[in-house]
1. Bin width 10 Å, alpha-carbon pairs only: give the P(r) of the range 39-95 as whole percents, running from 0 to the bin holding the largest distance.
2. Please give the charge dipole size of the chain, origin at the Cα centre, charges +1 on K and R Cβ atoms and -1 on D and E Cβ atoms. Round to the nearest 20 debye.
3. Using Cα centres only, tell me the gap between the range 98-128 and the range 134-169 in whole Å.
4. What is the count of Lys pairs in the chain whose alpha carbons sit under 18 Å apart, if the two are 8 or more places apart or on different chains?
5. Over the alpha-carbon set of the range 12-168, divide Rg by the Kirkwood Rh and report the Rg/Rh ratio to two decimals.
6. Considering only the other residues whose Cβ falls under 11 Å of the Cβ of residue 61, what net charge follows from Lys and Arg at +1 and Asp and Glu at -1?
7. Do any trypsin sites (Lys or Arg not before Pro) in the range 1-98 lie in a DSSP loop with no more than 10 other beta carbon atoms within 10 Å, and if so, which?
8. So what J values fall out for the range 86-96 if you push phi through Karplus, 6.51 cos²θ - 1.76 cosθ + 1.60 with θ = phi - 60°, rounded to Hz, Gly and Pro as x?
Amino acid sequence: MARLPIRLFPDPVLRVRCAEVSVFDADLEQLVADMTETMHAAPGIGLAAPQVGIEQRVALVDLSVGKEPEDLHVLINPRIVESDGSGVEPEGCLSIPDFTEKVSRPTHLRLEFQDLQGTTQELEADDWLARAICHELDHLDGVLFVDHLRGLRREKAKRALRKMLKEAR
Ligand code: NI
């Protein structure tokens with residue numbers, strides 16, 4: 001396994017609409033193993049493939065950050081089939097360090113995805129798990145949590161992003 005460098009805003013790979021995974025092979029397994037190590041080391045509760053520069057629909061969520069093996073969700077080609085409720089809680093992102101802001105997300109989701117073997121699976125998620133899944137799935141479409149902010153929260157985010165832009169130059 002290897003830790004991968006995490007891409008930071010304004011890296012353009014964070015704005016790509018990622019491609020469906022069609023080959024379920026040893027390379028995919030390796031990518032997921034490396035992403036898992038990278039997420040746990042960060043530490044983070046979620047990581048999407050574009051955040052390590054890979055434009056494929058692969059996302060990980062692990063609210064236990066490696067403490068509970070059954071909490072690790074490997075979501076390949078994930079698709080939300082049902083969502084309801086809404087809750088507002090603070091969110092952050094490994095690609096936008098040192099910035100958190102409250103975001104509205106559904107509080108319940110039903111999800112379809114494929115596992116490492118390519119088998120279709122279903123998952124129901126509530127509250128923080130639902131929130132983390134929404135955040136990671138957004139990444140697969142080039143959407144960042146700051147894109148959901150409005151009003152004063154959006155102004156705060158803009159300032160933080162402008163600072164990152166300057167530092168990246
Ligand atoms: Ni993120």
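1. 20, 46, 33, 1
2. Working: 21 positive and 30 negative charges, 289 e Å.
The dipole of the chain has a size of about 1380 debye.
3. 20
4. Numbers: 102/156; 102/158; 156/166; 158/166.
Qualifying lysine pairs in the chain: 4.
5. Working: Rg = 15.3 Å, Rh = 16.0 Å.
Using only Cα positions, Rg/Rh for the range 12-168 is 0.95.
6. On the way: positive: 131; negative: 62, 71, 136.
For residues surrounding residue 61, the net value is -2.
7. Numbers: sites: 3, 7, 15, 17, 57, 67, 79; in loops: 3, 7, 17, 57, 67.
Passing sites in the range 1-98 are 67.
8. Rounded to whole hertz, the list is 7, x, 10, 9, x, 9, x, 8, 4, 8, 10.
Where a number appears in this text, it was derived from the coordinates with a stated rule and is not lab data. The model shown is predicted, which means the values in this text are computed figures rather than measured ones. Here Cβ is always computed from backbone atoms with ideal geometry, including for glycine, and neighbour counts include all displayed protein chains.
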